[in-house]
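Working notes, beginning with the structure itself.
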Amino acid sequence: MRAANEKRGDGHGVNLTKLRAVAKAVKTDPASKQQLARDLWATGDSASRLVALLICSPKKFARDELDEMIRQARAPKVHDWLVNYVVRKSAHLEDLRLAWTEDADQLVASAGWDLNSHQVYKKPEVLDLPGLLDTIEAQMKDAPKDLQWAMNNTLAAIGIENPDLRPRALAIGERLEVLKDYPTPPNCTSPFAPIWITEIVRRNEERAN
């Protein structure tokens, strides 16, 4: 299992289902649980950090604490869970989204773009959607892998959620050809934005009818 995880850049050898069971078994008062989460995070061990992210109270982290944590979260699974399980539920989501999107560290910037994608679905009124498309059009083609992937997610989200901007999102995807040749298993949707947008819009329309 460690060998399989290490191929994805994750430095742990644990079964995530069993790890979730460990986290669920932690029974203590909220203050003690939050301190335990901080202590587990401080070990630097990926599996311990994953447990920390499962047992913590996202709203109890300070803004600067989360900023420090994202810079420490170099393992993909830790990075992903930190953004999705903690930062998205934090009171500092919007502040961190704005700061991280412009960060020079590509993994931190990718977290900012993951939050952009989240806000496209949850709170689009805080976003400059045409401006995001401008940035994607100018930068996504040559962006580092993790940042490119996150920007592509935002491109697809904008195209899926915004009919008025959909033609431009499709055109950007077609022109840049990012992830066009990404190997996609049968019965899965390609991450190539034009295919992804078209397929999800089709499914949404089918459900609506």
Does segment 178-209 hold any residues that are of a type in the set (Asp, Glu) and either touching a Leu at 6+ places or on another chain (Cβ under 8 Å) or outside any loop (DSSP other than H, G, I, E, B) (or both), and which are they? Glu199, Glu205, Glu206
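Results for (1) among the charged types (D, E, K, R); (2) at pLDDT below 95; (3) open to solvent by 20 Å² or more (accessible area, probe 1.4 Å), shown as yes or no for each residue.
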position	(1), (2), (3)
Arg2	yes, yes, yes
Glu6	yes, yes, yes
Gly9	no, yes, yes
Gly13	no, yes, yes
Leu16	no, yes, yes
Asp29	yes, yes, yes
Ala37	no, no, no
Leu40	no, no, yes
Leu53	no, no, no
Condition set under 19 Å from the mean Cα position of the chain (by Cα) and assigned to a helix (DSSP H, G or I), scope segment 1-40, selection farthest from Gln72 (Cα to Cα): answer is Leu16
Please go through segment 138-161 and pick out each residue that is open to solvent by 30 Å² or more (accessible area, probe 1.4 Å) and assigned to a loop (DSSP other than H, G, I, E, B). Pro144
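Taking segment 124-137, which residues are assigned to a loop (DSSP other than H, G, I, E, B) and in contact with a helix residue (DSSP H, G or I) (Cβ under 6 Å, 6 or more places away or on another chain)? Before the answer, list the steps.
If we filter segment 124-137 for residues that are assigned to a loop (DSSP other than H, G, I, E, B), which is where we start, we get 127-128.
The one that is assigned to a loop (DSSP other than H, G, I, E, B) and in contact with a helix residue (DSSP H, G or I) (Cβ under 6 Å, 6 or more places away or on another chain): Leu127.
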Across segment 192-209, the tally of residues that are touching a residue at least 12 places away in the same chain (Cβ under 8 Å) and under 16 Å from Glu161 (Cα atoms) stands at 8
Given (1) under 18 Å from Arg97 (Cβ atoms); (2) touching a helix residue (DSSP H, G or I) at 6+ places or on another chain (Cβ under 6 Å); (3) hydrophobic (A, V, I, L, M, F, W, C), where does Ile160 come up short, assuming only one miss? (1)
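Would you be able to say whether some residue in segment 170-177 is modelled with pLDDT under 95, assigned to a loop (DSSP other than H, G, I, E, B) and surrounded by fewer than 18 Cβ atoms within 10 Å (Cβ to Cβ)?
Keep residues of segment 170-177 that are modelled with pLDDT under 95, which gives none.
No - not one qualifying residue is present in segment 170-177.
Give me the residue from segment 65-123 that is among the hydroxyl-bearing types (Ser, Thr, Tyr) and part of a helix (DSSP H, G or I) and, out of that set, surrounded by the most Cβ atoms within 10 Å (Cβ to Cβ). Let's see the steps before the verdict.
As a first pass, look at segment 65-123 and keep what is among the hydroxyl-bearing types (Ser, Thr, Tyr): 85, 90, 101, 110, 117, 121.
From what is left, the residues that are part of a helix (DSSP H, G or I) are 85, 101, 110, 117, 121.
Values: Tyr85: 14, Thr101: 22, Ser110: 26, Ser117: 20, Tyr121: 10.
Across segment 65-123, the extreme among qualifying residues is Ser110.
The values are calculated or read from the model by the stated rules, or taken from the named source; none is laboratory data. Quick caveat: nothing in here was measured; it's all calculated off a predicted structure. Glycine gets a Cβ as well: all are built from the backbone with ideal geometry, and neighbour counts include every protein chain shown. Accessible surface is based on the protein model in full, side chains and every heavy atom, while ligands, DNA and RNA are left aside. Shrake-Rupley method; radii C 1.70, N 1.55, O 1.52, S 1.80 Å.
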